[in-house]
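Worksheet: the structure to be examined is printed underneath.
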Amino acid sequence: AVARRVADRAVIPIENSLGGSIHGNYDLLLRHSLHIIGEIRFAVSHCLLANNGVDLHDLKTVLSHPQALAQCEKSLTKLGLEGEAVANTAVAAKKVAAEKLRDTGALASSSAALLYGLNILASNVQDDSNNVTRFLLLAREPLTPATDTPFKSFQWSLETGRMERPLHIGNRGEDWEGKDQRSRRFTQKNAAKIKTMSSNYLDLIKR
């Protein structure tokens with residue numbers, strides 16, 4: 001939508017602390033010449049949802065997005081439930097409610113439970129309570145911050161002996177290293193765009 005000028009900005013998930021890299025979105029980054037102008041890290045909590053009158057022992061299958069299933073894999077195994085992938089968590093909740101499924105639940109948010117009239121059988125079913133998804137903010141044009149204002153963004157850089165290293169330019173100074181083939185391809189494709197950071201940017205990192 002951003003590349004077609006239907007929207008000015010896009011926010012896409014790129015990796016999760018449990019499920020790893022979201023490969024389809026790396027492919028989109030490789031396919032479109034958009035600029036990364038920021039990032040958001042969001043704590044994700046999954047709920048196990050089912051129709052009214054359905055208990056945990058009635059369930060055999062759980063519907064959800066592949067990433068949500070990956071983030072709750074151990075928990076689902078302990079409960080003896082099989083995961084089945086659908087387009088997203090909202091679709092999972094909607095399908096369970098619309099088809100009045102009795103042996104199938106959904107991994108989704110508490111908001112989805114309220115929206116589709118489902119019961120929450122279990123909350124926080126992700127395998128780790130520190131379940132965080134990293135989102136990227138994309139735009140057609142790069143965003144250059146004023147040198148006297150702290151700004152959260154990053155650029156991609158290459159270092160000798162390391163395939164990639166996103167440099168976070170802002171008041172946190174954190175590093176993240178992608179480890180899969182898609183992240184390396186993305187970095188290599190965009191290496192020509194990398195510019196030397198000014199001393200002002202370096203000052204921001206140290207704050």
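The values are calculated or read from the model by the stated rules, or taken from the named source; none is laboratory data. This structure is a prediction, so every number in the text was calculated from the model and none was measured. When we count neighbours, we look across all protein chains shown, and the Cβ atoms used for this are built from the backbone with ideal geometry, even at glycine.
Can you name every residue in region 5-27 that is aliphatic (A, V, I, L, M) and more than 16 Å from LEU69 (Cβ to Cβ)? The answer is VAL6, ALA7, ALA10, VAL11, ILE12, ILE14. Checking each residue in region 109-145 for being closer than 24 Å to SER17 by Cα and assigned to a loop (DSSP other than H, G, I, E, B) picks out SER109, SER123, ASN124, VAL125, GLN126, ASP127, ASP128, SER129, ASN130, ASN131. When SER45 is tested against (1) assigned to a loop (DSSP other than H, G, I, E, B); (2) without any contact (Cβ under 8 Å) to a residue 60 or more places away in the chain; (3) surrounded by 12 or more Cβ atoms within 10 Å (Cβ to Cβ), just one condition goes unmet, and that condition is (2). Determine, yes or no, whether LEU63 is in contact with a His (Cβ under 9 Å, 6 or more places away or on another chain), modelled with pLDDT of 95 or more and buried (at least 20 other Cβ atoms within 10 Å of the Cβ). Spelling it out, it is not the case that LEU63 is in contact with a His (Cβ under 9 Å, 6 or more places away or on another chain), modelled with pLDDT of 95 or more and buried (at least 20 other Cβ atoms within 10 Å of the Cβ). When region 113-131 is filtered for residues that are within 10 Å of GLN71 (Cα to Cα) and either crowded, with 16+ Cβ neighbours inside 10 Å or among the β-branched types (Val, Ile, Thr) (or both), the ones remaining, listed by number, are VAL125, GLN126, ASP127, ASN131. The number of residues in region 71-92 that are buried (at least 17 other Cβ atoms within 10 Å of the Cβ), under 19 Å from the mean Cα position of the chain (by Cα) and assigned to a helix (DSSP H, G or I) comes to 4.
Kindly provide the set of residues from region 19-30 that are part of a helix (DSSP H, G or I), closer than 29 Å to LYS95 by Cβ and not small (Gly, Ala, Ser), ordered by number. Answer for region 19-30, where residues must be part of a helix (DSSP H, G or I), closer than 29 Å to LYS95 by Cβ and not small (Gly, Ala, Ser): HIS23, ASN25, TYR26, ASP27, LEU28.
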